[in-house]
1. Specify which of the listed residues (A:156, A:169, A:176, A:162) is within 12 Å of chain B (Cβ to nearest Cβ), closer than 22 Å to residue A:225 by Cα, surrounded by 20 or more Cβ atoms within 10 Å (Cβ to Cβ) and in contact (Cβ under 8 Å) with a residue 12 or more places away in the chain.
2. Could you look through the range B:54-72, keep only residues that are closer than 22 Å to residue A:80 by Cα and assigned to a loop (DSSP other than H, G, I, E, B), and pick out the one that is modelled with the highest pLDDT?
3. Which one is nearest to the other protein chains (Cβ to nearest Cβ) among residues in the range B:520-529 that are in a strand (DSSP E or B), in contact (Cβ under 8 Å) with a residue 24 or more places away in the chain and surrounded by 15 or more Cβ atoms within 10 Å (Cβ to Cβ)?
4. I'd like to know if the range B:160-172 contains one or more residues that are free of Cβ contacts under 8 Å to residues at least 12 places away in the same chain and either out of contact with any helix residue (DSSP H, G or I) (no Cβ under 8 Å at 6 or more places or on another chain) or assigned to a loop (DSSP other than H, G, I, E, B) (or both).
5. Name the residue that is farthest from the chain's Cα centre (by Cα), counting only residues in the range B:530-558 that are within 14 Å of chain A (Cβ to nearest Cβ) and in contact (Cβ under 8 Å) with a residue 12 or more places away in the chain.
6. Given the criteria within 29 Å of residue B:531 (Cα to Cα), touching a helix residue (DSSP H, G or I) at 6+ places or on another chain (Cβ under 8 Å) and in a loop (DSSP other than H, G, I, E, B), does residue B:697 qualify?
7. Mind checking which residues of the range A:80-116 are buried (at least 18 other Cβ atoms within 10 Å of the Cβ), in contact with a helix residue (DSSP H, G or I) (Cβ under 8 Å, 6 or more places away or on another chain) and within 9 Å of another protein chain (Cβ to nearest Cβ)?
8. In the list A:189, A:227, A:267, A:250, which residue meets the criterion of being surrounded by fewer than 22 Cβ atoms within 10 Å (Cβ to Cβ) and either modelled with pLDDT of 95 or more or farther than 29 Å from residue B:396 by Cα (or both)?
């Protein structure tokens, strides 16, 4: 009968723990979690409670209820800072948040928490073999955040909000210089400056072409071997041509004193 | 942690005289245990053998804190028993608390007990301490005081019910005592206003909490404070700047309670008395501005809205200077054009016995530009969908107006709780930039399922209609096969599927898809397909329509950014058998292109409170070979204005015209008929039905011109509507808007008969109900002032109509 597997009133602590563990081992994680909760309640202050706390977190984790597992691993780490399983628990707390991290186009609060928790783990256990894994996950999560910023910039570029696009490309490059998205952002930034300049009034064009050239120089410095180098060069050539064209028309513009519009969008 | 005079104590030495030193723990013993295990105590304290501690320092304090946090011990001490070089031996002394088996509440009503159980924080298994009992007692007394009981007595009993495990049961015996009501509120030294007026000021100004206090007549500390603030505000808004409440007393007094006019019983009540000092009523003498370079004194004074000699109203002054919900204010003048760091420092100077000068020093500072714009809380909706709705764009000047509009437009998406949208500013005065972050709450469901059944009246029969709207669909994820739990969402696309069956004669199937931003650009794409069939029982008459359309729309930036434009290409295939004589037998093809220009500045989709909507459309079905031809022009204008408070007046005016290019192959489909609702009209799909309340619509109840006794439909129509609407319930789970209306309209055979004010009229009442899972339901009950000739629809009759779907 199934009911015999569940904890009864009057069960001793070891019996209760055994029953909980049996549920856990038969992959019945929902009931196991309830049972471990009971063991924790009954056995406050004993080793059974400590083990139950760890397996409570494990049950939630195996049940894919990562928000609960993260907080239970966290509780284990705070309550039993000297326990053998602490390293494992602290890693899995971070890993639970990693599991919670959604696709880049949604809110990334869990991603940021995961990064923090992995960092905390790495600084506490720098020599652990899981430390390498943690830094691998950190890289992956940071790349996701970079991608999010990059695509925000991309939306602004598509909707002709050039200044906004540049702000966000810069944010991508400054915050995540190591990610592939920084490289992509910098190339797009050169392109954005060129398009922006093309659509600007003559008096503003030189400065914006110049900004494109500076962005290109930054690209060469940061990513000399970058895979988008070819593309960057095409854009910068366009900027250089733009400046060359301006050189001849500038004198006439100065005498007029009035800027003529060569584009529709901005001032 | 208090170690008294024990000389081995490590805490007794003045920590300032001791240099912190690190020790290795060589041994730990624990004293005072009965049920807990020594390992647990040591483990919890973190002071295991071999660990290193700093003394004096955080380690010991943390150990004591951790032990206390378990809730199992009281009086925790950690002592140093021995020291060997840099190694020490420690002793942890604990006293185990009895733990709570359960607590009982006696002497109260069942409802009160459950209220109290929610408030009392004692938990079985946790230690019972003096402080936890005192806390519970306080909670009980506070609860009863809020209910009007001033002399509540609580008797606490403890009994050890489980000696083995050291558990106690705590019993609270409560004697709530007499319930006292506020019987009198009086004032002293008030000369300008009567007691009566002042009592009113206490209750009317505040929120309904004070009103509750008044109606229940219960005395609550917080409410009394709020009432006093209301009184102060009342005086200050009438120019009494020096007003003070000099003293207040609250006391109980005996009085005689009268019941049924004759019975008299002695009782006790509460009396509230306030002594006030009124002072003079101040009027404005001069208004002086300083530091303004952007606006002139006159512009600022005009915005402030005070005139010389006007009574100085403090609330008005603050509102007009800082933030005004319903009009201009000085801060907005600056903040809407980038002056985020603008500050107004008012100095109200008393210059004569009853006059003040308003001296306002303006610190304009520099224009701030928006740097980073972020948002959080979008757990279902993708970034792009949110970001494209933001009116605050990096690189632009800061504008308060833009933030207000963003909140409104994010709310209009329908994905986030409007009230929970919160903008957070992070200004950086050094660089003159500001970061904006919006907090969103996406807990509500956006999909809805409309299911309705009803009796459609004569000749229609039972209507069954089902429609599913997925309002935040993601085609991209659907194709990739992800997110089917249950429906891929996040891209802000709309997918709707609908079926309607009426009796055995009418069937309709439709599918529609809309992508508001095609490939990431502000260009909307809509694709719709539908099939309609109606066959009449006992006759050969049978109509079919297959219709499909593709539309492209874009928001315009000119003339202003409320404008949008839409192009629709549609193809219709009609198949008519045995229909009206003016319709061609057999299949007809129509291919048309339609242009729609719209300006929509309404603030809410379900019930706008302000703004207007103008819509102009032109449709052309060119005379291609094998295709029927016509052109159609339509215009409508709708305006919403707040009349008084939340009451909104909506007026609508509409005209339509159907014309032809030459006389060949004229299409007689889609002529105008008026009456009924969209739900009932779907089955008369051969016509262009304009809904009109008070008239049944449909086969035999529509307003239409007649030719040879046949309802042929008009080539022109006019429609006017007035609606007075009140938002009775505006919760997230349910919205209810009762309204009163006056509708009028008519359809005319041809331009020569067009008489825009010769209309059929109706008046009536109705309610619009919005439930998130059901969508919008509209019920109206209209009284006809005019009948329709040639039909049984007569004047002086009532007409009930219901509709599902958006009216605006």
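1. A:169
2. Checked the range B:54-72; the qualifying residue modelled with the highest pLDDT is B:57.
3. That would be B:524.
4. Looking for residues that are free of Cβ contacts under 8 Å to residues at least 12 places away in the same chain and either out of contact with any helix residue (DSSP H, G or I) (no Cβ under 8 Å at 6 or more places or on another chain) or assigned to a loop (DSSP other than H, G, I, E, B) (or both), one finds at least one in the range B:160-172, hence yes.
5. B:554
6. On the way: within 29 Å of residue B:531 (Cα to Cα): yes; touching a helix residue (DSSP H, G or I) at 6+ places or on another chain (Cβ under 8 Å): yes; in a loop (DSSP other than H, G, I, E, B): yes.
So residue B:697 passes the test.
7. A:80, A:83, A:104, A:105, A:106, A:108
8. A:227
The values are calculated or read from the model by the stated rules, or taken from the named source; none is laboratory data. These numbers were taken from a predicted model, which means no experiment stands behind them. Neighbour counts are summed over all protein chains in view; Cβ atoms, including those assigned to glycine, are modelled from backbone coordinates with ideal geometry.
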